[in-house]
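Student: One structure, pasted below without further comment.
The values are calculated or read from the model by the stated rules, or taken from the named source; none is laboratory data. Please read all numbers here as calculations on a predicted model, not as lab measurements. Cβ atoms come from the backbone with ideal geometry, glycine included; neighbour counts cover every protein chain shown.
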Amino acid sequence: MKNTLNQIIKGDTKTELAKLPDNFADIGVTSPPYNKGEKHKGWLVKNVEYDNATDKKSEHEYQAEQIAVLDELYRITKEGGNFFYNHKLRWDKGRMIHPMEWLLKTKWSIRQEIIWDRGIAANIRGWRFWQVEERIYWLCKPKNSNLIGKELLSKHALMTSVWRFLPEQKNEHPAPFPLQLPLRCIYSILDDKKKCTVIDPYSGSGTTLLAAKMLGHNYTGIEISDKYIAMAEDRLKHFESERAVFNGEMEKHVVKETFEERKNRGVYNHHNKNKRAELKDGLFGC
Ligand SMILES: C[S@@+](CC[C@H](N)C(=O)[O-])C[C@H]1O[C@@H](n2cnc3c(N)ncnc32)[C@H](O)[C@@H]1O
């Protein structure tokens, strides 16, 4: 087999994943195409149009493909390995489509649903409250049937399940995620491990690959567009120019105060008392 480490494989992800061996990856992070359709959605909404792929399939075909891709990823991931899958809630003619609809049909064990609060989003229409969040699903491949798995180190676990960072702005790819996102996923899981293998099966402008490289791991990307592969390769070559974002994320992984120290300081009682007072004053009422 060709060397696939520290490379971006050009091709369709389902076909290319099938060529990778079992036990290939320790962890993966991805954001697949969301199947949002390509029709014009109004003056404020920037349509996502990929260079060499459609974002408009029947929902049935889309979900079947995502299940097949996720199950291939499960096969190539080592036991005890993890995968972070970024997606969002969508609506089709008023019916909400939740990623759980297909995630529950995959082989993965779902550990957590993380909210990514982007703070802003283009679609401002009155059908629903302004949707400014996306989701990140932390999926696990159990080792020895142990579904509970390993605990995170406190410096990572003390972060909440709501992640707040703005969408990426300085990137010409139509739908990149910010570098902080894959950095947080990979660093939190592989902190105490050296030279692991990270995969992104829809690698786009290479954000996950960059995060892996900056954290000292091997990476493999799969991407269907030559244009985005060239973008990613250029980013990987000039990775030092994104050092400030890297440092900013690393600075967040610190233990200022453990849960036990907070408990001993009585911060929970104090916090609960304040919350109750706010409720009584009607501040949460409307
Ligand atoms: C949401 S974007 C990923 C962006 C990436 N996370 C980043 O930060 O740049 C999805 C990517 O999947 C690619 N893609 C779509 N269909 C594909 C397929 N069947 N096989 C491989 N790549 C595909 C698109 O070209 C696009 O770059």
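Student: If T15 meets every condition in (1) of a type outside the set (G, A, S); (2) modelled with pLDDT under 95; (3) farther than 13 Å from S203 by Cβ apart from one, which number is that one?
Tutor: The single condition T15 does not satisfy is (2).
Student: Does region 194-216 contain any residue that is over 29 Å from N23 (Cα atoms) and either in a loop (DSSP other than H, G, I, E, B) or charged (D, E, K, R) (or both)?
Tutor: No.
Student: Pairs only if they're at least six apart or on different chains, beta carbon under 6 angstrom, first in region 241-264 and among the β-branched types (V, I, T), second part of a helix (DSSP H, G or I); list them, first residue then second.
Tutor: V254/K155; V255/S154; V255/K155; T258/S154
Student: Next question, about the same structure. Quick one: in region 150-192, of everything that is of a type in the set (K, R) and part of a helix (DSSP H, G or I), which residue is farthest from G216 (Cα to Cα)?
Tutor: K155
Student: Follow-up. Given the residues F129, F83, F165, which is the only one that is free of Cβ contacts under 8 Å to residues at least 60 places away in the same chain and more than 16 Å from the ligand (Cβ to nearest atom)?
Tutor: Just a single option satisfies the conditions, and that option is F129.
Student: Evaluate the following for K105: is it within 22 Å of A25 (Cα to Cα), touching a strand residue (DSSP E or B) at 6+ places or on another chain (Cβ under 8 Å) and of a type in the set (D, E, K, R)?
Tutor: When the stated conditions are applied, K105 does not pass them.
Student: Starting from region 1-21, take each residue that is in contact (Cβ under 8 Å) with a residue 60 or more places away in the chain and list its partners that are of a type in the set (D, E, K, R), counting only C-beta distances under 7 angstrom and pairs at least six apart or across chains.
Tutor: I8/E223; I8/E233; I9/E16; K10/E223; K10/D226; L17/E72
Student: Being under 16 Å from R243 (Cα atoms), touching a strand residue (DSSP E or B) at 6+ places or on another chain (Cβ under 9 Å) and in the same structural domain as A122 (by TED's automatic domain parsing) narrows it down to one residue among G206, G221; which is it?
Tutor: Sole residue among the options that is under 16 Å from R243 (Cα atoms), touching a strand residue (DSSP E or B) at 6+ places or on another chain (Cβ under 9 Å) and in the same structural domain as A122 (by TED's automatic domain parsing): G206.
Student: Quick one: which residue in K193, K237 is farther than 16 Å from I8 by Cα, away from the ligand (no atom under 13 Å from the Cβ) and either under 13 Å from the mean Cα position of the chain (by Cα) or basic (K, R) (or both)?
Tutor: Exactly one of K193, K237 is farther than 16 Å from I8 by Cα, away from the ligand (no atom under 13 Å from the Cβ) and either under 13 Å from the mean Cα position of the chain (by Cα) or basic (K, R) (or both), namely K193.
Student: Can I ask one more? For region 134-149, check the following and say yes or no: at least one residue is within 16 Å of the ligand (Cβ to nearest atom), more than 18 Å from C185 (Cβ to Cβ) and in a loop (DSSP other than H, G, I, E, B).
Tutor: No, region 134-149 has no match at all.
Student: In region 30-48, is there at least one residue being surrounded by 15 or more Cβ atoms within 10 Å (Cβ to Cβ), more than 10 Å from the ligand (Cβ to nearest atom), modelled with pLDDT of 95 or more and under 15 Å from D200 (Cβ atoms)?
Tutor: No.
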